[in-house]
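For reference, the structure is listed below as structure tokens.
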Amino acid sequence: MELTQEIIDRIEKLQKKYEVTGQDLTAYLDGLLYADYISYWNYIHLDTLLSLQNPRTSFPDEQVFIMYHQITELYFKLALHEIEQLANKEDLNSEFFVRRVMRINRYFDALTHSFEIMYKGMERDQFIKFRMSLIPASGFQSAQYRMIEICSTDFINLVDKEKRHQFTNESPFDEMFKNLYWKQGATEEETGKKTLTLSQFERKYTDQLTRLAEEYKVKNLWQCYKKLTPEEQEDSKVKNVLRQLDVNVNINWPLMHLKSAITYLKRKTSEEKATGGTNWQKYLPPKFQERIFYPALWSDEEKAHWGREWVESVMNE
Ligand code: HEM
């Protein structure tokens, strides 16, 4: 094959690239010569990926349960990947902001629409049995879910709504952390004590999540929005993607999730206990949690009806 000018140009560029760091181009060319072709299965680590499903029982539907959780965690990781790029972007403008937040919305749409894989896609009889071997593990312990919350809004918006008035956004993070809305959800119905699910989660993640909250104080998605120019902040496209994110993360996904809890845990006479031991019927509905990332973007009436219509339609189905 002829050594065209194009190839010579490339080699010269490579030579310059390696010269800067005092490296030898010939050695790198040898590396190229001996390296194997990359394959699909190596690139995406397929064998590793497919080896990560390890059920604790022999009920076939436990595989559905495990894999759907894994799929969800990957989407959560994608959402965090977009947030990180937004948070660290220099010269942030509304175009980049809208494009990235729309990506996060797409991930949550995909999760919301696929949730019927959970609430329709498993035999209840199998679920009721295999879940007993999973106690006290619960999706409640998803650290990425908490990270998405922390990186999306000012921390004070995650403080339990009954206690929020005791704090400002300048209050110490560890104090606010003790009063996050989800801690209130994870108390044992009968004793009022922290559930084991919560205390194990705290032991593993409190330090990491508190550090993240401190880091994102100045660069969470709301703070990114505040960095846009006043005109950009007023742009309806910008406001709408944030409002949609609020609805996706705090109403639509939680409702589909709640629907699964109702399908499998609600019985005609009594409720099945959740694996995390919470009073889930009082805790999970969005209208009770009233978790809102961007209160300034909603009217008082919209906030007062947060998640209500949707919840009623789901609960009454
Ligand atoms: C049949 C399917 C499911 C049922 C019956 C179910 C049930 C529950 C229940 C009862 C809770 C309250 C905490 C507890 O006591 O355990 C909970 C919390 C939670 N679950 Fe699930 N879950 C299901 C699927 C999933 C999936 C696929 C995910 C994805 C990661 C997930 C993530 C979560 C999260 C993040 C929480 C905490 C929610 C919050 O604090 O508002 N769950 N789940």
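The values are calculated or read from the model by the stated rules, or taken from the named source; none is laboratory data. In this text, all values refer to a predicted model and were calculated from it rather than measured experimentally. Methodologically, a virtual Cβ is constructed for each residue, glycine included, from the backbone with ideal geometry; neighbour enumeration extends over all protein chains shown. Heavy atoms of the whole protein, side chains included, go into the accessibility calculation; ligands, DNA and RNA do not. Shrake-Rupley method; radii C 1.70, N 1.55, O 1.52, S 1.80 Å.
Data overview
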item	result
Low-density loop cleavage sites - GluC sites (Glu not before Pro) in the stretch 134-175, where at most 11 other Cβ are within 10 Å (DSSP)	Glu162, Glu170
Max mean-square fluctuation residue, GNM over the chain, Cα-Cα springs under 10 Å, options Pro172, Pro136, Pro286	Pro172
Overall form of the stretch 30-125 per C-alpha gyration tensor (a/c, 1.5; a/b vs b/c)	oblate
Additional length obtainable on full extension of the chain from Leu78 to Arg308, 0.36 nm per residue less Cα span	79.9 nm
Low-density loop cleavage sites - trypsin sites (Lys or Arg not before Pro) in the stretch 117-146, where at most 12 other Cβ are within 10 Å (DSSP)	Lys120
Percent of alpha-carbon pairs separated by more than 16 Å within the stretch 94-141	63 percent
Relative contact order of the chain, defined on C-alpha pairs under 8 angstrom at six or more residues apart (%)	21 percent
Using alpha-carbon coordinates, inclination of helix 253-265 to the longest axis of the chain, degrees	50 degrees
Test item: Cα-centred dipole of the stretch 102-256, Lys/Arg +1 and Asp/Glu -1 on Cβ, debye	260 debye
With Cα atoms, 0 to 90° folded angle of helix 5-20 axis to the chain main axis	70 degrees
Percentage relative contact order, the stretch 1-111, counting C-alpha pairs under 8 Å, at least six apart	16 percent
Positive dipole terminus of the chain, leading residue within Thr26, His257, Ile38 (C-beta point charges)	His257
With every protein chain in place, the stretch 87-170: carbon and sulfur % of accessible area (1.4 Å)	49 percent
Of Leu46, Leu228, Leu209, the one that fluctuates the most in a GNM where the chain has Cα springs shorter than 10 Å	Leu46
Cα centre as origin, Lys/Arg/Asp/Glu Cβ charges: the chain dipole, Debye	1160 debye
Positive-end residue, the chain charge dipole about Cα centroid, Cβ charges, pick of His81, Thr210, Gln141	Gln141
Fully extended contour minus Cα-Cα distance, from Arg124 to Lys237, at 0.36 nm per residue	36.4 nm
Degrees separating the helix 61-87 axis from the principal Cα axis of the chain, which is the longest one	60 degrees
